[in-house]
Amino acid sequence: MSNEASMDITCQELVELVTDYLEGALSHEDRTRFEQHLVMCGGCKEYLREMRKTIAISRKLSDEDLPANVRDDLLALFRKWKAGSLR
Amino acid sequence: MSAMICWRSSESGKQARYGEGMIALKFLARGAVGPFTGFVWPSPAGSTAGAWVESPPERFPERGIHACLVEHLPYWTDDELWEVELSDEKILRSAMQIVASRGRLVERVAAWTPRLAQEFGQACALKARDRAVELMKQGTRLAEAEQLFACRSIAELEKVARPMSAQSKTDSLSNIAGYVADAATFARISDVATASYIAAELARVTSGSMQGFLLERSWQGRWIADRLRLAHGSPHVSV
């Protein structure tokens, strides 16, 4: 019974887990710990809200919403990053 | 783990709106909004319960309908408290909550008000104060124990405990005074979730085991149940 209550997570750990949380990939116990942190941390609650908002906005975007020069710049950056020249 | 535990309000005359499911409790943010998901729960209309909300079976229990028995309440305090009906043959029960795949709001628990929430936070801070007073007496810090005990308000408790906590970073009694000051601070600003957590943490630290934390949370659950007049005398309810 004490497992859930005894393992608090930090703000940094929450940030690392947020994608898994949003994808429903956390175990029941980890999800409980995650949400217990949110109950007491207004900053992380706001962070989660912003993440949800960002995902919702991103879903509405299509290729056409991006100006060609911005798309080219982004692709160039991704290629550099993949090649390891951008850190 | 499945549970066949029922919770029913001690008030009679409301049974007509309930179905055959298990009745539990659920904290929500203002406007019947899920505090983490932002999901707006369908509210009851008159004597008709809200629409059923279902989670995908393949995502159970990670994305189930989460709710509380009385003993779970202090972990999840929020703006609104609702009775929720859970319809499920398998209901997962864990230390802090129960989870079902289907649920609906039945009725708001009107007795859970901002004022009662504030009183709950204050009760937790005062319980932390009483624990600190006992330890200070045992540690021959009688004058400080009396100062803490004489506090007549949460603001005064915060004002008195805070300087005690600053006396020495390595002294355990100063550290305990720090917990009391923090609990009082969060109670004063009505962050009752944090105030109650700090009180439970103080119990863990001073008892030297997680059992202290859990016992304090149980006391907090009983406090809420008593003030909301929940039927914790019922054989169906586990507090």
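Note on the protein assembly as shown: with neighbouring protein chains present and a 1.4 Å probe, carbon and sulfur make up 53 percent of its accessible heavy-atom surface. Taking the Cα centre of the stretch B:115-226 as reference, the dipole from Cβ charges on Lys and Arg (+1) and Asp and Glu (-1) amounts to some 0 debye. Ranking A:Leu61, B:Trp52, B:Trp112 by how far each Cα lies toward the positive end of the dipole of the protein assembly as shown (charges on Cβ) leaves B:Trp112 at the top. Take the protein assembly as shown with all the other protein chains still there, run a 1.4 Å probe, and you get 52 Å² of accessible area per residue. Here the peptides A:59-72, B:24-37, A:8-21, B:92-105 are ranked by packing, the mean other Cβ count within 10 Å, and the order with the highest first is B:92-105, B:24-37, A:8-21, A:59-72. What does the helix-only formula give at 222 nm for chain A: each DSSP H stretch with n ≥ 4 adding -39500 (n - 2.57), the total divided by the residues, and the result rounded to the nearest 500 deg cm²/dmol? That comes out to -23500 deg cm²/dmol. Once the C-beta distance of B:Arg227 and B:Glu156 is scaled by a Förster radius of 30 Å, the resulting FRET efficiency is 0.80 to the nearest 0.05. Averaged over the residues of peptide A:28-38, the number of Cβ atoms from other protein chains lying within 10 Å of each residue's Cβ is 4. Converting phi to 3J(HN,Hα) with the Karplus coefficients 6.51, -1.76 and 1.60 and the offset θ = phi - 60°, the stretch B:124-129 yields 5, 5, 5, 5, 5, 4 Hz in sequence order, with x at every glycine or proline.
Rounding to the nearest 10 and keeping the result within 0 to 90°, find how far the Cα-based axis of helix B:210-228 lies from the longest principal axis of chain B. On a 0 to 90 degree scale, this one is about 60.
Each of B:Ala181, B:Val99, B:Cys124 was scored by the projection of its Cα onto the charge dipole of the stretch B:68-203, and the greatest displacement toward the positive side belongs to B:Ala181; charges sit on the C-beta of Lys, Arg, Asp and Glu.
Here's how it looks for B:Val84: its modeled amide H is under 5 Å from those of B:Ala24, B:Leu25, B:Lys26, B:Val106, which are all 5 or more places away or on a different chain. The stretch between B:Thr140 and B:Glu89 holds 12.7 nm of extra length on full extension. This uses 0.36 nm per residue minus the Cα-Cα distance. Interface of B with A. Using a 1.4 Å probe and counting protein heavy atoms only, the two chains hide about 2100 Å² of accessible surface, both sides summed.
Hey, which of these cross-link pairs are over 26 Å Cα-Cα: B:Lys26/B:Lys90; B:Lys137/B:Lys159; A:Lys45/B:Lys159; A:Lys45/B:Lys26? Too far apart for the 26 Å limit: A:Lys45/B:Lys159.
Simple spin-label estimate for B:Thr48 and B:Val33 gives 2.6 nm between the two label positions (7 Å along the Cα-to-Cβ direction from each Cα). Taking the Cα centre of the stretch B:33-81 as origin and assigning +1 to Lys and Arg Cβ atoms and -1 to Asp and Glu Cβ atoms, the resulting dipole is close to 120 debye.
Against chain B, whose longest principal axis is taken from its Cα atoms, helix B:172-188 shows a tilt of about 50°. Enumerate the residues in the stretch B:102-145 having an amide nitrogen under 19 Å from the point lying 7 Å beyond the Cα of B:Ser172 toward its Cβ. The answer is B:128-145.
When the protein assembly as shown is described by a simple charge dipole with +1 on each Lys and Arg Cβ and -1 on each Asp and Glu Cβ, the residue from B:Ala200, A:Cys11, B:Ala67 located farthest towards its positive end is B:Ala200. Viscosity 1.002 mPa s, temperature 20 °C: what is the translational diffusion coefficient of chain B from Stokes-Einstein with a Kirkwood Rh over Cα pairs, rounded to a whole number of µm²/s? Answer, rounded: 112 µm²/s. In this simple spin-label model, placing a label point 7 Å from the Cα along the Cα-to-Cβ direction at both B:Arg108 and A:Glu16 gives a separation of 4.1 nm.
Based on DSSP H segments of at least four residues, each scored -39500 (n - 2.57), chain B has a per-residue ellipticity at 222 nm of -13500 deg cm²/dmol. Looking at the stretch B:19-117, the GluC sites (Glu not before Pro) that sit in a DSSP loop and have at most 14 other Cβ atoms within 10 Å of their own Cβ are B:Glu20, B:Glu89.
Applying the criteria of a DSSP loop state and at most 10 other Cβ atoms within 10 Å to the trypsin sites (Lys or Arg not before Pro) of the stretch B:116-192 yields B:Arg152, B:Lys169.
The values are calculated or read from the model by the stated rules, or taken from the named source; none is laboratory data. Note that this is a predicted model, so its numbers are computed, not measured. Quick reminder, even Gly has a Cβ in these numbers, built from the backbone with ideal geometry, and neighbours come from all protein chains shown. We work out accessible area using only protein heavy atoms, side chains counted, and drop any ligands, DNA or RNA first. Shrake-Rupley method; radii C 1.70, N 1.55, O 1.52, S 1.80 Å.
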